[in-house]
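The values are calculated or read from the model by the stated rules, or taken from the named source; none is laboratory data. Keep in mind the model is a prediction, meaning the values are calculated, not measured. Ideal geometry is used to build each Cβ from the backbone, glycine not excepted, and the neighbour counts take in all protein chains shown. Surface areas here come from the heavy atoms of the whole protein model, side chains and all, with no ligands, DNA or RNA. Shrake-Rupley method; radii C 1.70, N 1.55, O 1.52, S 1.80 Å.
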Amino acid sequence: MFLGIDIGSSSSKVAIVDENKNVVAAKVVNMGTGTNGADVAMQAALDEAGITLEDVKYIVATGYGRLKFDKADVQITEISCHAKGVQTLVPDADTIIDIGGQDAKVIRLAGGQVENFIMNEKCAAGTGRFLEVMSRVLNTDLKDLSALADQSTKALAISSVCTVFAESEVISSLAAGEALADVARGANFAIAKRVAGMCKRVGTGKKIVMTGGVALNDNMVRSMAAELGQEVTAVPHCQVVGAIGAAIFAHEKYHK
Amino acid sequence: MSKTSKELLNELVAKHYEDAAQAKKDGKLVAWATSICPQELLEAMDITVVYPENHAAAIAARKHSQEFLDQSEGCGYSIDICSYARVNMGYKDIQYSEAANIPMPDMVFCCNNICTTVAKWYENLATELNIPFILIDTPFNHIYDAPAHNIEYMRNQIEHAIHQIEEICGRPYDYERLTEVMKISNETAYWWRRACFTAQAMPSPLSGFDMFNYMALVVCIRGKKEGRDLFKLWCEELEAKAAEGKGPWKEGEEEKYRVIWDGIACWANLSPTYKILKKYGINVVTSLYPDAWTILYETNDIEGMAKAYTYYHANRNVDYVAATKSQRVKDFNVDGVIFHSNRSCKLMDFTIYEQQRRITAETGVPTVVFDGDMTDPRIFSEAQYETRIQALVEMMEENKKKKAQEGK
Ligand code: SF4
């Protein structure tokens, strides 16, 4: 068995693949680097696969916390791991939009290899953190944000890209009587706009897919498509794509 | 035993600051000048020249820049302004740093071939300190070659500056001395470039971060004999190392990847930026700096001098810069390019994405961009830097594999 672990800023994800590269376990724990989230997620995945750590032949760590995780045989960046995961799950994809807790990136693939990528600057604009803050202001669970946005009847623009300023902007909108649903959709559009700018910098390809926790927000995926004027789909198991990629790398490294 | 160039370098840097302080005490004139200005004009009249950008870098490298940034920001200078300017504006008020000191100026001398920020920055210095402001206004080269009217415009300004200097010094211009300084400056430039180009050898005898160190000196003693001799010695050492097949680091530390570092070093974060590269076996073999001080022209040719100064790379169009970088990739056997997106330096940053696109299209090597700043320590993030560098390594590795397969 081969294990991939993706330790992000707000969650830890683990995937295990077997000799035939089939995913036999995938777990997400909402605790990121600096917590014991990595160990908890790993144990949960081992339990799901019905194995122990001794059965694992090779471990690849990725994500923001990859260098601090001492059980890994090797560390590979989330850029390569997302590319590898997507290549396995959606082989014909050539553009990946990954929005995670504290970063957003767009990766261009050519022949399955990373050709170019761009990541957000040192700033939370256009990342999952932005939506977290928004859902707090809207008093909604992050996972319900999409359903709420679906009820929107009016396009409301959030003009600030800065998370802190956007928060006060939204509070003023709500105080002015704007509907929660419209604000929720506005937040999705704000991210979509920002990330679409990044897509244009690296150039979008023919098939665009989304990974990362934010891709669970269906309304967000549709906002992204609307902004780009192109079809965008969420990769199945979007949260664990990086971990799956890492597990496949573990398989390949072991058999090299 | 004779000294190594490194020992000499440290001595000369210290001496540069000491001499400047002494000159001030002796009542000599001191000028603050921009890094790639026609310093020959001042040097020839025995004016002591110090360089605020360099000084700011020295302060930042010793982790003392924050104090000066706070001072100037407190005066209302925005964090969006170049941090060299902010450190220097702060220094103008505080006038002392544990890291390094420069004497207060009797005049400022500014050539805006490096950016437009410097013109306002120096104008403010001149106004606040109530001292003369000499400006050599250098038009940006939107087209490949500088048009004749630009060169003429510059030549006229250089001649005007000579009159201004005569007035400030109260004596006629020393053209003989100018000839001599021009000659030395050109020789220094020659050795500087030749030393930097030893990095073409595989492995490179030169570590790019060493180049940054020596660069500090080429800025300040370009017109002095000691400078020329140092760069000649350094070049000879490097050529000897290359002949023996020695790499940039200690024995056993392999140069695995050769990259171009585009932009200024992160002086305030020098150690992590260097160590992370070294951890992955990445050596910076070149940048556009080898040419930045390669100001070559015939002695006594003011027009040639004008042209040389207007051709500083950041003052030339995207076509020129992209073509030069692509050529460097080929000439230095480069595997990848690292772009420092420097919050301070808009002029250097604003073409990065286009540069990336063209270099990859022309040469096929991967590139990455990271966010940082040269003297403001608050901008750089070590984890984000490492992720980008490691991703570059992964892309360079794939490229190598592909090439090896194609070669079979
Ligand atoms: S760093 Fe850039 S903005 Fe600052 S002085 Fe140098 S060229 Fe000008």
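Values computed for the structure shown
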| quantity | calculated |
| --- | --- |
| Against the rule of thumb 2.2 N^0.38 Å, how large the Cα Rg of the stretch B:246-406 comes out | 1.11 |
| Förster radius 51 Å - calculated FRET efficiency between residue B:4 and residue A:92 (Cβ-Cβ, nearest 0.05) | 0.30 |
| Model label zone, residue B:169; criterion: amide N under 16 Å from point 7 Å along Cα-to-beta-carbon; scope the stretch B:292-311 | B:300 |
| For chain A, alpha-carbon Rg relative to the globular expectation (2.2 N^0.38 Å, N residues) | 1.01 |
| Carbon + sulfur, % of accessible area of chain B - ligands and nucleic acids excluded, 1.4 Å | 51 |
| Mean separation of Cα contacts under 8 Å (6+ apart) over length of the stretch A:143-202, as relative contact order % | 45 |
| Links that overshoot a 22 Å alpha carbon limit, given the list A:105/B:275; B:28/B:92; B:183/B:232 | A:105/B:275 |
| Length released on extending from residue B:280 to residue B:256, taking residue separation times 0.36 nm less the Cα-Cα span | 7.9 nm |
| Rg(Cα)/(2.2 N^0.38 Å) for chain B, N = residue count | 0.97 |
| Using θ = phi - 60° and Karplus 6.51 cos²θ - 1.76 cosθ + 1.60, couplings along the stretch A:43-54 (whole Hz; Gly, Pro as x) | 4, 4, 5, 4, 4, 4, 7, x, 10, 10, 4, 5 |
| Loop-located GluC sites (Glu not before Pro) in the stretch A:1-84, at most 15 other Cβ atoms within 10 Å (DSSP) | A:19 |
| The stretch A:92-234 - Kirkwood radius from inverse mean 1/r over Cα pairs (Å) | 15.0 |
| Residues of the stretch A:1-16 with amide N under 13 Å of a point placed 7 Å along Cα→Cβ from residue A:68 | A:7-12 |
| Calculated over the stretch B:5-177: convex hull of Cα atoms, volume per residue (Å³) | 150 |
| The protein assembly as shown: projected area of the alpha-carbon convex hull, averaged over directions, in nm² | 33.4 |
| Where labels lie 7 Å past Cα in the beta-carbon direction, separation of residue A:218 and residue B:318 in nm | 4.2 |
| Extension gain (nm, one decimal) between residue B:19 and residue B:160, 0.36 nm per residue minus Cα-Cα | 47.9 nm |
| Cut-off 15 Å between beta-carbons: net charge of the residues surrounding residue A:106, Lys and Arg +1, Asp and Glu -1 | +3 |
| Pairs beyond 20 Å (Cα-Cα), from B:120/B:307; A:13/A:200; B:256/B:400 | B:120/B:307; A:13/A:200 |
| Computed FRET value (nearest 0.05) for residue A:225 with residue B:137, which takes r as the C-beta separation and R₀ as 41 Å | 0.25 |
| Inter-probe distance in nm under a simple model that places probes 7 Å from Cα toward Cβ, at residue B:271 and residue B:67 | 1.9 |
| Extension gain (nm, one decimal) between residue B:98 and residue B:127, 0.36 nm per residue minus Cα-Cα | 7.8 nm |
| In nm, spacing of pseudo-spin labels at residue A:147 and residue A:121 (7 Å Cα→C-beta vector) | 3.8 |
| Convex hull volume of the stretch B:339-393 per residue (C-alpha atoms, cubic angstrom) | 69 |
| Label-reachable residues, the stretch B:140-154, where backbone N falls under 15 Å from a point 7 Å from residue B:303's Cα toward its Cβ | B:146-154 |
| Neighbour cut-off at most 15 other Cβ (10 Å), DSSP loop, trypsin sites (Lys or Arg not before Pro), the stretch B:342-390 | B:378 |
| Entries of B:3/B:24; B:278/B:346; A:71/B:346; B:25/B:346 with Cα pairs more than 32 Å apart | A:71/B:346; B:25/B:346 |
| Unmatched cysteines, chain B - criterion: no other Cβ of a Cys under 4.7 angstrom | B:75, B:82, B:110, B:115, B:169, B:196, B:220, B:235, B:266, B:345 |
| Per-pair calculated FRET efficiency, R0 = 41 Å: residue B:346 and residue A:233 via Cβ, rounded to 0.05 | 0.60 |
| Set of aspartates and glutamates with alpha-carbon distance to residue A:68 below 17 Å, sequence-local pairs under 8 removed | A:6, A:39, A:78, B:382, B:386 |
| Relative intensity, log₁₀ I(q)/I(0), of the stretch B:121-267 from a Debye sum that treats every alpha carbon as a point, q = 0.10 Å⁻¹ | -0.56 |
| Largest-first principal axis extents of the Cα set of the stretch A:1-109 (Å) | 36, 33, 21 |
